[in-house]
Amino acid sequence: MDEKKWENLPDHIIVGILSFLGLSDRLTASLACKQWRECFGSPVLWHTFHFKFVDSKEFKYAQCLENHGHYLRTVEIHCNQEDKINRESACTLILMLSGIKERRLERFTVKFLGENPLFYAGQEFIECLRVLFDKPNEDVEVLSTLKLVDLSKLPIAYGDNLINCLVENNRDLESLNIQNAALVCKVTSGCIENVLDMCRKMKSLALHHTSVTEEILLSLAEENRTPLNHLSIDCRREEKFGKDITSETWEVVRRKIPNLRVTLAFDTSCPMYKVDMILKPEVPVKNLRLEVMSQVIDQVYFAAMNYSETLEMLSISTTSSEELEKALLYLVTRCDRLRELFVFQCYISHDTKQKILELRPQLQKCYIKTKQLPTN
């Protein structure tokens, strides 16, 4: 294709092409011609940007933020936290975002990609996030507050102070995910009550089970708030010390929020007796993760019998057995909405896998390992 034809591309096509490029490649492409250079400065191009700090290079986004930061609405930060320079660059970016003179930031996600250094607590990240979430300086005009915050891939122990700071200054928050991989959850149920009291437009909430109480669930059912669409609850080692939520409470919530769907996730650290206590027929489960590395035959049957009208995704990590295969066949027969099925850490017979695919051809994602059939 010659240069003239490249110049004749519509602006929205050029912006679409540039949106898939990183900053350096985007800048290089903008030098192709005058039209591409003009599209490089299009506000639409800078509504969403992924910042990556993975290769231990010096901070390179200062000019970008100065010129285009006031257009940013969705920001995602990827950081390999094993290297100090990456952590420093990510913190510099967060502080610069907080100081943009005309701030339109609405959706914010930060992810750690590597392993934490030994004894690393991430305190500098918590302090920078607090600056971003807090009331801005007088010279900053906030044209839009945060509506989505995802800290689930930030494996550091942030607590009530950070979350309270977020919700007190961002009352229009609609989605919050704090299901991170820190060894201990330091966000208390009192903090979550404050979240729901401050943010009446909340539609999606992802928490650790230890932060959830019956009072919190009942507050979700209050009439003077936007109905919650999705509640995700991650159940881990702390649940052995926690209180359970009664069936009566779940029934009230389900009746008052008929469109609510719940994700329940259990990992290997959650005791099996707590799994059985938390699973209840009244919970409108949409996604169920039984990644406990124990036998889950009874739990699969339970899901098939009680979540047949709502279950769309099942993920299990368990051991192989004929009983498990029968349970899976029973589940796919009953659950008409099932779209995703994942079976990890074990093999399923080839015949059973074929039957599953025949019974549920509308599966959009399916991961099932089968043993290779012997050849004659």
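The values are calculated or read from the model by the stated rules, or taken from the named source; none is laboratory data. Model, not experiment: these values are computed from the prediction. Cβ: placed from backbone, ideal geometry, glycine included. Neighbour counts: every protein chain shown.
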Of all the residues that make up the stretch 44-75, how many are in contact with a His (Cβ under 6 Å, 6 or more places away or on another chain) and farther than 19 Å from residue 142 by Cα?
1
Restricting the first residue to the stretch 113-136 and requiring it to be touching a residue at least 40 places away in the same chain (Cβ under 8 Å), which pairs with a second residue that is among the basic types (Lys, Arg) and part of a helix (DSSP H, G or I) meet a Cβ separation below 8 Å and a spacing of at least six or different chains?
none
Please specify each residue of the stretch 106-126 satisfying the condition of being in a helix (DSSP H, G or I) and in contact with a Leu (Cβ under 8 Å, 6 or more places away or on another chain).
125, 126
Counted residues in the stretch 242-292 being of a type in the set (S, T, N, Q) and not in a loop (DSSP other than H, G, I, E, B) come to 4
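Kindly indicate whether any position in the stretch 230-241 is over 26 Å from residue 201 (Cβ atoms), in contact with a Ser or Thr (Cβ under 7 Å, 6 or more places away or on another chain) and outside any helix (DSSP H, G or I).
Checked against the condition, which is being over 26 Å from residue 201 (Cβ atoms), in contact with a Ser or Thr (Cβ under 7 Å, 6 or more places away or on another chain) and outside any helix (DSSP H, G or I), the stretch 230-241 yields at least one hit.
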Among what's in the stretch 298-355 and is of a type in the set (Asp, Glu) and over 27 Å from residue 230 (Cα atoms), pick the residue that is surrounded by the most Cβ atoms within 10 Å (Cβ to Cβ).
325
Could you please tell me which pairs satisfy a Cβ distance under 6 Å, a separation of 6+ or placement on different chains, a first residue in the stretch 264-275 that is more than 12 Å from residue 293 (Cβ to Cβ), and a second residue that is modelled with pLDDT under 90 and surrounded by fewer than 16 Cβ atoms within 10 Å (Cβ to Cβ)?
271/240
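For the condition modelled with pLDDT of 95 or more, closer than 19 Å to residue 128 by Cα, assigned to a helix (DSSP H, G or I) and touching a Phe, Trp or Tyr at 6+ places or on another chain (Cβ under 9 Å), what is the one hit in 162, 146?
Values: 146 fails: assigned to a helix (DSSP H, G or I).
Selected residue: 162, the only one of 162, 146 that is modelled with pLDDT of 95 or more, closer than 19 Å to residue 128 by Cα, assigned to a helix (DSSP H, G or I) and touching a Phe, Trp or Tyr at 6+ places or on another chain (Cβ under 9 Å).
Please pick out the residue among 288, 264, 279, 218 that is farther than 22 Å from residue 107 by Cα and surrounded by fewer than 18 Cβ atoms within 10 Å (Cβ to Cβ).
218
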Does at least one position in the stretch 171-179 carry a residue that is closer than 20 Å to residue 254 by Cα and hydrophobic (A, V, I, L, M, F, W, C)?
no
Residues (among the aromatic types (Phe, Trp, Tyr) and either farther than 28 Å from residue 319 by Cα or touching a Pro at 6+ places or on another chain (Cβ under 8 Å) (or both)) located in the stretch 235-291:
250
Residue among 176, 166, 146 that is buried (at least 18 other Cβ atoms within 10 Å of the Cβ) and touching a Cys at 6+ places or on another chain (Cβ under 8 Å):
176
Right, residue 343: part of a helix (DSSP H, G or I), over 23 Å from residue 185 (Cβ atoms) and hydrophobic (A, V, I, L, M, F, W, C) or not?
no
The number of residues in the stretch 192-225 that are assigned to a loop (DSSP other than H, G, I, E, B) and modelled with pLDDT of 95 or more is 5
What number goes with the only condition from (1) in contact with a strand residue (DSSP E or B) (Cβ under 7 Å, 6 or more places away or on another chain); (2) within 22 Å of residue 107 (Cα to Cα); (3) among the acidic types (Asp, Glu) that residue 234 does not pass?
(2)
Per the filter on the stretch 288-313, residues within 24 Å of the chain's Cα centre (by Cα) and within 14 Å of residue 346 (Cβ to Cβ) are 290, 291, 292, 293
Give the residues of the stretch 127-143 that are part of a loop (DSSP other than H, G, I, E, B) and more than 17 Å from residue 194 (Cα to Cα), sorted by residue number.
135, 136, 137, 138, 139, 140, 143
Hey, residue 129 modelled with pLDDT of 95 or more and touching a strand residue (DSSP E or B) at 6+ places or on another chain (Cβ under 8 Å) or not:
yes
Only one residue in 105, 154 is outside the structural domain of residue 53 (by the TED database) and buried (at least 19 other Cβ atoms within 10 Å of the Cβ). Which one?
154
